[in-house]
1. Along each of the three principal axes of the Cα atoms of segment 192-298, give the extent in whole Å, ordering the values from largest to smallest.
2. Tell me, how many Å apart are the Cα centres for segment 181-227 and for segment 263-329?
3. With +1 on the Cβ of every Lys and Arg and -1 on the Cβ of every Asp and Glu, and nothing else charged, how large is the dipole of segment 1-52 about its Cα centre, in debye rounded to the nearest 20?
4. Using only DSSP helix segments of four residues or longer, with each worth -39500 (n - 2.57), what per-residue ellipticity at 222 nm results for the chain after dividing by its residue count and rounding to 500?
5. How big is D, in µm² s⁻¹, for segment 1-52 by Stokes-Einstein at 10 °C and 1.306 mPa s if Rh is the Kirkwood radius over C-alpha pairs?
6. State, to one decimal in nm, how far the label point of Ala92 lies from the label point of Glu305, with both points 7 Å from Cα in the Cβ direction.
7. Using a 10 angstrom Cβ neighbour count of at most 15 plus a DSSP loop assignment to flag exposed GluC sites (Glu not before Pro), which longest range of the chain is free of such sites?
8. Going toward the positive end of the dipole of segment 118-341, with +1 on Lys and Arg Cβ and -1 on Asp and Glu Cβ, which of Tyr269, Asn236, Leu247 do you reach last?
Amino acid sequence: MESCEQFVQIHAPGQAIQGKSFGPMRRALVFAGGGAEFGVVERNGYSGFSVPDEDEATTRAARIHLQAFLARRREFDSVEQGLAHTEALVDAAVADLGQHRACDLWLKAERAFWLRRCHSGRVQKSRQDAAGIGWANIDHHTYDSSRQHYRATIRILEKLGYELREMLYAGELAGWGSQVLEQPVIGSTIFADVDLAPEELTIDFAHDPLPELPRHRRAGLLSVLLGESILEAGLNHVAALYDQRALRSQLGAEGHEMMPPFSDMPHLYQELTTGDWGAVDPKRVDALEATGHIGADEAEKLRLEGSIVTHLENIERNDGFKGFNREGIDSVLRKLDPRAYHGAREGIDA
């Protein structure tokens, strides 16, 4: 569970909880009888099976670093300043707590920022809190990054214990790729999306410099329009595991519609909510128009109507399948390019 205390309060009031509040691990026995036991476990960057005896100073440090992540400044005069500030916060947390505990706190803060803008996420989070599980069913988090600042984004994630797992390339027409990273101790997966050229498949694009392309694709455009995901834009979306039919029906009853699925197979189903819209800074639109990355009509629609800023993803996995559907991801992300959903497709596949 995301919170052992939350589950016990709802389903087994009065049951004892092992492990201190805000510690690296907590657990509770909820039911015992008939030769069976049922319990719940809360893990906060810890993979062991015995509840550790953490000292008060470390627990206090964890609280302080979580607050630093939650309250961190995200808008700066330059992206470089923002990344340096963020990296310094991560360095301090890792130094005090280690990679895994720091990573758990980082993700808590990232989801909290994402929820501010994602209404469907807030609705579903309240439903899962009522069931006592919280965000215990996260499948992956997704970041968008510009090519210029991609290496810094990857470096920060690696400091939190993420390792390169696989890369996805959607094809020359799509023009984007993703480095999939995994934090092996806490089991967290991240999609780090970036614009890519075909010839860059043979390089270590997560670490090698990426020169600017003549025209932004989806990730690059969003990074200019909304900001870097690791800074002011926040997570592009969060994906959680569900019975996909049940979630679609339940969110639909709350007024939240889904886009057509981009994976619909027995072993993998994926779909996004239609998305939450937000205003965009006209200066950012002006810069994109002035440099030829969007046309005049597209620019005016963005100024007047804003842009989709985030989603919740409904994902169902079966048969132990761990991977992703490259073609399906490409099809949906191309629809989420602001130049596409504003109805002006001129040049998007150029």
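Any read-out appearing in this document is the output of simple, stated calculations on the displayed coordinates, not a laboratory observation. From a predicted model like this one, the values you see are computed outputs, not experimental measurements. Cβ coordinates were reconstructed from backbone atoms using ideal geometry, including for glycine residues, and neighbour counts include every protein chain displayed.
1. Ordered largest first, segment 192-298 gives principal extents of 44, 37, 25 Å.
2. If you average the Cα positions of each part, the centres end up 15 Å apart.
3. Working: 4 positive and 4 negative charges, 27 e Å.
Roughly 120 debye for segment 1-52.
4. Helix-only estimate at 222 nm: -11500 deg cm²/dmol.
5. Details: Rh = 11.3 Å.
Taking Rh from Cα pairs, D becomes 141 µm²/s.
6. Spacing of the two 7 Å Cα→Cβ label points: 4.3 nm.
7. Numbers: sites that count: Glu75, Glu172, Glu212, Glu254, Glu257, Glu346.
The reported range is 76-171.
8. Towards the positive end, the residue furthest out is Leu247.
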